[in-house]
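Report on one structure; see the data block that follows.
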Amino acid sequence: MTKFLRDIFNKPLEAIANYLDRLGITANTITLIGLTGNITAAFFIGRGQFLAGAIILIFLSPLDAVDGALSRVRNKETKFGAFLDSICDRYSEIAVIFGILVFFLNKNDFWGVIFSFLAVTGSVLVSYVRARAEALGGECKIGILTRVERYLLIIIVLLINQVEVGVGILAVFSHITAFQRIIHVQKLLDGKN
């Protein structure tokens, strides 16, 4: 889905990146603004203000694509920029799911807390498996619940006030995605030997 969305929004992203470039804004600044926005959304989610959290995520989630487009427009794609973007992506996702966990803690919802924990560990593992695969020289972007799908799921369940269902789906399918990637990497690496 990530590639599909990038293809659709490539021209608008390029226009936004060109505008930000004229303003002198750097890609790393956009990355940090995105992280701040996700932390803000998590604050609202933790208080049970799901609509406010969803609206913030709707407007700030695209910044994850804007920072990369801005780097390409400036012709300044750096290793540190890619590293910072990846780290901020993890912090952002952890913050949002932490907001959900706080909401469940405030409700004394045991299963909500458990599913939130499983959701965040699954999400981190999906990204970790990809990072390890790339460190070993492979590519691993497969799976049914990549970062884009996870964010879309979170936004939708916040909008329709079905956080319990959404975090359960996230808990199960993020781990399934991690296992899909593990199997993919095993086949990839066995093929190299």
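The values are calculated or read from the model by the stated rules, or taken from the named source; none is laboratory data. What you see is a predicted model, and the numbers here were worked out from it, not measured in a lab. Virtual Cβ from ideal backbone geometry, glycine too; neighbours counted across all protein chains shown.
Summed over the range 103-117, residues that are of a type outside the set (Phe, Trp, Tyr), part of a helix (DSSP H, G or I) and surrounded by fewer than 18 Cβ atoms within 10 Å (Cβ to Cβ) total 3. Candidates in the range 118-148 are the residues that are among the basic types (Lys, Arg) and farther than 23 Å from Phe43 by Cβ; of these, the one that is surrounded by the most Cβ atoms within 10 Å (Cβ to Cβ) is Arg130. Can Phe179 be described as within 30 Å of Lys79 (Cβ to Cβ), out of contact with any His (no Cβ under 9 Å at 6 or more places or on another chain), among the aromatic types (Phe, Trp, Tyr) and free of Cβ contacts under 8 Å to residues at least 12 places away in the same chain? Answer is yes for this residue.
Counting the residues of the range 9-36 that are modelled with pLDDT of 90 or more and touching a Ser or Thr at 6+ places or on another chain (Cβ under 8 Å) gives 2.
Can you name the residue in the range 75-89 that is surrounded by fewer than 16 Cβ atoms within 10 Å (Cβ to Cβ) and not aliphatic (A, V, I, L, M) and is also nearest to Asn18 (Cα to Cα) among such residues? Step by step, filter the range 75-89, then rank; the result is Asn75. Filtered by the rule that a residue be touching a residue at least 60 places away in the same chain (Cβ under 8 Å), buried (at least 21 other Cβ atoms within 10 Å of the Cβ) and among the aliphatic types (A, V, I, L, M), the range 43-64 gives Ile45, Ala54, Leu57.
Within the range 158-176, the set of residues being free of Cβ contacts under 8 Å to residues at least 60 places away in the same chain and within 24 Å of Leu63 (Cα to Cα) comprises Ile160, Gly166, Ser174. Of the set (1) more than 16 Å from Phe98 (Cβ to Cβ); (2) out of contact with any Asp or Glu (no Cβ under 9 Å at 6 or more places or on another chain); (3) at pLDDT 95 or above, all apply to Leu170 but (1). Determine whether Ile142 is of a type outside the set (Phe, Trp, Tyr) and outside any helix (DSSP H, G or I). In short, yes.
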